[in-house]
Amino acid sequence: MPMMKICERCGKEFECLGSDDCWCGKLEIPEDLSKILKSEFKDCLCKDCLEAVIQKFTKDSNSNIQDKM
């Protein structure tokens, strides 16, 4: 069942399905980034923020991810 959440990164409201069918399950999130996100955020990020963080992380995986959040 869809639920509305607030993105911890930007504050935007977005829809989460809370299951494998959710839009976030279709994104390729590197394992290292997934671990970092789980340690930095208590809940989901919106699609725009998650895509931006993935893009920044994959562009330069040697940089400090803290600077990219």
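The values are calculated or read from the model by the stated rules, or taken from the named source; none is laboratory data. Bear in mind that the values here come from a model prediction, so they are computed numbers and not experimental data. Backbone-built Cβ (ideal geometry, glycine too); neighbour counts: all protein chains shown. Heavy atoms of the whole protein, side chains included, go into the accessibility calculation; ligands, DNA and RNA do not. Shrake-Rupley method; radii C 1.70, N 1.55, O 1.52, S 1.80 Å.
Values for this structure:
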quantity	calculated
Counted residues, the stretch 1-47 - those being hydrophobic (A, V, I, L, M, F, W, C), open to solvent by less than 40 Å² (accessible area, probe 1.4 Å) and touching an Asp or Glu at 6+ places or on another chain (Cβ under 7 Å)	2
Long-range neighbours under 8 Å by Cβ, at least six apart or interchain, first residue touching a residue at least 24 places away in the same chain (Cβ under 8 Å) and more than 14 Å from GLU51 (Cβ to Cβ) within the stretch 16-37, second open to solvent by 60 Å² or more (accessible area, probe 1.4 Å) and of a type outside the set (Val, Ile, Thr)	CYS16/PRO2; CYS16/MET3; CYS16/MET4; ASP32/SER61
